[in-house]
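The values are calculated or read from the model by the stated rules, or taken from the named source; none is laboratory data. Since the structure is predicted, the reported quantities are computational estimates derived from the model, not experimental observations. Please note: Cβ atoms are built from the backbone with ideal geometry, for glycine as well, and neighbour counts cover all protein chains shown. Accessible surface areas use protein heavy atoms only, side chains included; no ligands, DNA or RNA. Shrake-Rupley method; radii C 1.70, N 1.55, O 1.52, S 1.80 Å.
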Protein chains: 2
Amino acid sequence: MATMKDVAKAAGVSLGTVSNVLNNVPTVTEENRQKVLKAIKELKFIPNTAARTLKTKTSKSIGLVIPDITNPFYPELARGVEDAAKKAGLTVFLCNNDRNIQKEREYIRVLIEKNVDGIILVKPNIQAGEIDEIREKCEVVLVDINNIDDKEYDVVNVDDYQGTLNGLNILYEYGHKRIGFITGLLESQSSRYRYEAYIDFLKEKGLEYDEALVKKGSYDWYSGYKAGSELLRLLDAPTAIFASNDLMAIGVLKAARERRLNVPYDLSVMGCDDIDMASLCSPQLTTVRQPKYEIGTASVELLLNRLNSTDKNRSRKGKQIELKTEVIMRESVGYAKT
Amino acid sequence: MATMKDVAKAAGVSLGTVSNVLNNVPTVTEENRQKVLKAIKELKFIPNTAARTLKTKTSKSIGLVIPDITNPFYPELARGVEDAAKKAGLTVFLCNNDRNIQKEREYIRVLIEKNVDGIILVKPNIQAGEIDEIREKCEVVLVDINNIDDKEYDVVNVDDYQGTLNGLNILYEYGHKRIGFITGLLESQSSRYRYEAYIDFLKEKGLEYDEALVKKGSYDWYSGYKAGSELLRLLDAPTAIFASNDLMAIGVLKAARERRLNVPYDLSVMGCDDIDMASLCSPQLTTVRQPKYEIGTASVELLLNRLNSTDKNRSRKGKQIELKTEVIMRESVGYAKT
DNA sequence: ATCTATGAATGAAACGTTACATTTATTATA
DNA sequence: TATAATAAATGTAACGTTTCATTCATAGAT
């Protein structure tokens, strides 16, 4: 493997000059530049990032730590991260933590060992104290945080509360007064926001909170199916069901089908997230879209802000981005029967 | 950031000793080992991989180059790669090439610059010559290759031909004689194998090849929808349709629904791959499952074989793994109407 | 013709590890 | 008791870059 030294020798210049052309330092004369370029091509020289990283303390790689790429929410987010990273000359390590704090810690450690310039932590399980430790080593962006309120961090979030409210309001406009609600895992902040929105929505519309209409789900389709079945079995069954994610909404669709209920004529269903499946299932799911790809790109932007900042004074306040959701009207919501 | 030097000083031993405890070299005395461990903890020392890589020429990272993580086929494969890599102490760079040879080349170059120990190329677009060049720098495993026949490479493939044949035979057992076929992109080897299987199936069963029953698809659901619609519009429409992937099969489901055809009573549909959606759509899709996760783990195994091999003589022949498919019976296939 | 200022190229030190040849300390053998 | 053999610890030279203080060369000013 050819090194810069070899290139220098081949080009008949010094090591420093080779470095200069590689880094586009303008002081090098055109003649030398050409000689070096020629040598690089001939020797098939490829710079060694390890050496560069050792010297410059920047690796041009970042870590993306997510719960599980296999969860249909994350591929698009990951793609957003990757595209934005690539544009900025960064390469990304993909890490799945399975919502397991131990794995999360391991990965973070490995990423630090690898001198990543930054880490994007999606739904982190670790706490503020640990995050501060990480920030001594590299930049950190938090996405969809559970339990960290500090304004000091860079954070990307989604307005889950408002989004859910919007979705429920549409259901209301369609004449629904009895609306079932399936929660996500309430450990997660976004789930709690969605649930709060439901409660506030009822209050605002002067509707009564009926415990029977609220079911706890766990994000997987089967929990939605079960919750949906229970809801539909009710004597006074809801005319619409809001599920805190699409997978569970699809479960509800299944439950409805089993009971020979026609969605949306007999029952309206609304999901959250807008995963691929939402537009592919039948009926197509009306849902509160999460800007998954944009979450990814926004996270990288925050990271780049820090990385390109000359202000190495770390006390700088964090920047919080809140991305907007959007209700995507498809087939699963219709007017309430009167 | 504390270095080994700092640790050595704090522990009152030499640099080499620190290195030895870090690398579990057994010659270090228990007393010193403890002193070093203590110093490491106190100084919160984290080894610097860049320096280690520079010295040892191994980075403990690998690259995974896939078409697009957003394609439902790949998250599971990626997950398989990651899990197997993690177990072996490797971290993985995720690279999406969008089936674009230029992006593929760029990523490969970056990966080499980053001193990856190996690269897993899924559906590579580059040719044998280029691959040989890469192999001068690091190990390479090919997955689902299009156009490279050489037995010299490490390759993971799936028995698409046999899998398709199995699927078609099941359709036949269910009484179907007129079976529509939707191809994938015929640039891809696996698509061609599936198509060949269809042709051979007909021959074997003494069925006539009817051009009208074969439609070209492009892997996305809409192409399946279009092809399905055309097929069902036929005067002598097929009683079953085999789609070369699930997304297109779901498109067929949609086309059938539009024509008020009941799947599987009026029409049987079989897909390929078994993506998540296949079990979530309605009716649930019967499909030829691809062992996506296992493809990932198998690729890493091949990589590890090479990496752990003492035989640095690169002339060693490659190893080809062919993974088995499996027909997953669900709801979309039924008996042909007589 | 000498001196200065400017621009370009050079050379060596440093980054944080590993690896290996030496040195030092300890124990066993004659 | 001296010597050899063994075990443990040390010190130093890489690895391939970047960086920066020097040197060298050229041209302009006096």
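Here are a few things to note about the model shown:
- Across the accessible surface of the stretch A:52-132, with the other protein chains kept in place and a 1.4 Å probe, carbon and sulfur atoms take up 52 percent.
- A loss of 30 Å² or more of accessible area (1.4 Å probe, protein heavy atoms, ligands and nucleic acids excluded) relative to the isolated chain is seen in these residues of the stretch A:27-62: A:LYS44, A:ILE46, A:PRO47, A:ASN48, A:THR49, A:ALA50, A:LEU54.
- Residues in the stretch B:247-280 that, when all protein chains are in place, have 20 Å² or more less accessible area than the chain alone would give (probe 1.4 Å): B:ILE250, B:LYS254, B:ARG257, B:ASP276, B:MET277, B:LEU280
- Surface composition of the stretch A:160-290: carbon and sulfur atoms hold 47% of the protein heavy-atom accessible area at a 1.4 Å probe.
- Residues with amide H under 5 Å from that of B:VAL140, placed H, sequence gap 5 or more: B:ILE119
- Alpha-carbon centroids, the stretch B:11-50 and the stretch A:155-170: separation in whole Å: 51 Å
- Förster radius 60 Å - calculated FRET efficiency between B:ASN169 and A:GLU211 (Cβ-Cβ, nearest 0.05): 0.65
- A Förster radius of 60 Å, combined with the Cβ-Cβ distance separating A:GLU42 from A:GLU130, puts the computed FRET efficiency at roughly 0.75.
- Nearby lysines by direct alpha-carbon distance to B:LYS203 (threshold 16 angstrom, same-chain neighbours under 8 apart not counted): B:LYS177
- In the protein assembly as shown, the DSSP-assigned H stretches of four residues or longer account for a calculated mean residue ellipticity at 222 nm of -14000 deg cm²/dmol, using -39500 (n - 2.57) per stretch and the full residue count as denominator.
- 1.4 Å probe, heavy atoms, protein only - residues of the stretch A:113-130 losing at least 10 Å² accessible area vs chain alone: A:GLU113, A:LYS114, A:ASN115
- FRET efficiency, 1/(1 + (r/R0)^6) with R0 35 Å, evaluated for A:THR3 and B:ALA2 via beta carbons: 0.75
- Highest mobility in the GNM of chain B, judged by mean-square fluctuation with C-alpha springs under 10 Å and restricted to B:ALA128, B:ALA278, B:ALA84, is found for B:ALA128.
- Net dipole in debye of the protein assembly as shown [+1 Lys, Arg Cβ; -1 Asp, Glu Cβ; about Cα centre; nearest 20]: 1780 debye
- For the chain pair A and B, the buried solvent-accessible surface (1.4 Å probe, both sides summed) amounts to about 4800 Å².
- Semi-axis lengths, Å, the stretch B:4-47, gyration tensor of Cα atoms, sqrt of 5 times eigenvalues: 14, 10, 9
- Remark: for residue pairs A:LYS57/A:LYS317; A:LYS87/B:LYS114; A:LYS103/A:LYS216, the C-alpha separation exceeds 19 Å in A:LYS57/A:LYS317; A:LYS103/A:LYS216.
- Annotation for the stretch B:51-118 versus the stretch B:197-272: alpha-carbon center distance of 36 Å.
- Gaussian network model of chain B, Cα within-10 Å springs - most flexible of B:SER282, B:SER59, B:SER218: B:SER282
- Cα gyration tensor category, rounded, prolate or oblate, for the stretch B:171-223 with a/c compared to 1.5: prolate
- Qualifying aspartates and glutamates (Cα of each under 18 Å from Cα of A:LYS35; at least 8 residues distant if same chain): A:ASP6
- Three-way shape call for the protein assembly as shown based on the alpha-carbon gyration tensor, with the a/c threshold at 1.5: oblate
- Per atom type, the stretch B:4-47 shows carbon and sulfur on 55% of its accessible surface, probed at 1.4 Å.
- Ligands, DNA and RNA are left out, and with a 1.4 angstrom probe the accessible area of the stretch B:1-72 is 56 Å² per residue.
- Per DSSP, loop GluC sites (Glu not before Pro) in the stretch B:163-243 with at most 16 further Cβ within 10 Å: B:GLU187, B:GLU208
- The simple spin-label model puts a point 7 Å past each Cα toward its Cβ; for B:GLU106 and A:SER309 those points are separated by 2.8 nm.
- Extended-chain gain in nm, criterion 0.36 nm per residue less alpha-carbon gap, A:LYS151 and A:GLU196: 14.0 nm
- A dipole drawn for the protein assembly as shown from +1 and -1 charges on Cβ atoms has a positive end, and of A:SER244, B:ASN96, A:PHE73 the residue lying farthest that way is B:ASN96.
- Å² per residue, accessible surface of the stretch B:160-290 at 1.4 Å: 39 Å²
- For chain A, averaging the sequence separation of C-alpha pairs within contact (under 8 Å, six or more residues apart) and dividing by the residue count gives a relative contact order of 17 percent.
- Were the residues from A:ARG99 through A:GLU331 laid out at 0.36 nm apart, the gain over their Cα-Cα distance would be 80.2 nm.
- Rounded if a/c under 1.5, otherwise prolate or oblate - the stretch A:160-290, Cα gyration tensor axes: rounded
- Among the listed pairs B:LYS205/B:LYS254; A:LYS86/B:LYS137; A:LYS215/A:LYS324; A:LYS5/A:LYS41; A:LYS123/B:LYS41, those beyond 19 Å (Cα-Cα): B:LYS205/B:LYS254; A:LYS86/B:LYS137; A:LYS215/A:LYS324; A:LYS123/B:LYS41
- Selected from A:TYR107, A:LEU267, B:ILE295, residue furthest toward positive end of dipole (the protein assembly as shown; charges at beta carbon): A:TYR107
- Model label points for B:ASP220 and A:VAL25, set 7 angstrom from Cα along the Cα-to-Cβ axis, are 4.9 nm apart.
- Extension gain for A:ASP68 to A:ARG257 (0.36 nm times residue separation, less C-alpha to C-alpha distance): 65.1 nm.
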